[in-house]
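The values are calculated or read from the model by the stated rules, or taken from the named source; none is laboratory data. Remember, predicted model here, so these are calculated numbers, not experimental data. Backbone-built Cβ (ideal geometry, glycine too); neighbour counts: all protein chains shown. Surface accessibility is based on the protein's heavy atoms, side chains included, excluding ligands, DNA and RNA. Shrake-Rupley method; radii C 1.70, N 1.55, O 1.52, S 1.80 Å.
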Amino acid sequence: MSQAISDVRLIDTFPCDVRTLGAVGDEVWVAQKSGGISIHDAKTFDMKHQIHAGYVGTFVNCFLPVGEKIWTGCQDGSIRSYNKFSRQVSFQVLHTVKSTSTLSTSAVNCLASSGTRIFSGGDDARICAWSHAGELLVALEQHQAAVTCFASHGSLLY
C-alpha cells in the first residue's frame, strides 16, 4: 500500500544523467554520468554552477562535505577536495593499491568523517584515514572484499 507524504517534495526530473548526489548546505551537488559536477539550489533545483572535471573516464561515486571543502571519491581511485565557495580543486590524492611491480588504482566507493580524520573505502578492500589537508595517515588492509559503505558516530566507524 502506497501512501503520500504531504510534507516531502520529490525532485525526480534532472537536467542530466545522475550518478550520485549530495546535499551541501543550501545546494545539491550532482555527479553526472558524463563525469562533470553540477551544483543546484536545494529548494528550486536551478543550476548555479557547472564543474567540468576534465578528467577523462573519471566519475564521482560519493560526496562528503567537510567544513568549506567537498570531498569526492572517484571511480579512477582519486579523491578530490573542492573548495565549497570557489568550486576549485583544493587537492587531489590517490586511494591506491601497491603491488611489487605496478601501482594501480581502485574505485573509491565511500567517504566518512570522524573528528579530525576523513575515511575512504574502496574496491581494493582498504579503508584509508586522511587528515583534513589530504595527508594519508594510515591504510587499514583487514577486509577481504570491497568497502562499499560505512558510517561514523563519534569515534566509531561502522
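Residue by residue through segment 10-24, note down the ones that are open to solvent by 70 Å² or more (accessible area, probe 1.4 Å), under 19 Å from the mean Cα position of the chain (by Cα) and more than 12 Å from V60 (Cα to Cα).
D17, A23
Residues being within 15 Å of V60 (Cα to Cα), modelled with pLDDT of 90 or more and among the polar types (S, T, N, Q): count how many of those fall in segment 79-103.
1
Scan segment 29-85 residue by residue and report those that are open to solvent by 20 Å² or more (accessible area, probe 1.4 Å), closer than 24 Å to A146 by Cβ and not in a strand (DSSP E or B).
K33, A53, Y55, V56, G57, F59, Q75, D76
Please verify whether segment 130-138 includes one or more residues that are more than 30 Å from K48 (Cα to Cα), surrounded by fewer than 18 Cβ atoms within 10 Å (Cβ to Cβ), at pLDDT below 90 and among the aliphatic types (A, V, I, L, M).
Looking through segment 130-138, none of the residues is more than 30 Å from K48 (Cα to Cα), surrounded by fewer than 18 Cβ atoms within 10 Å (Cβ to Cβ), at pLDDT below 90 and among the aliphatic types (A, V, I, L, M).
Only one of (1) in a strand (DSSP E or B); (2) in contact with a His (Cβ under 9 Å, 6 or more places away or on another chain) fails for F119. Which number is that?
(2)
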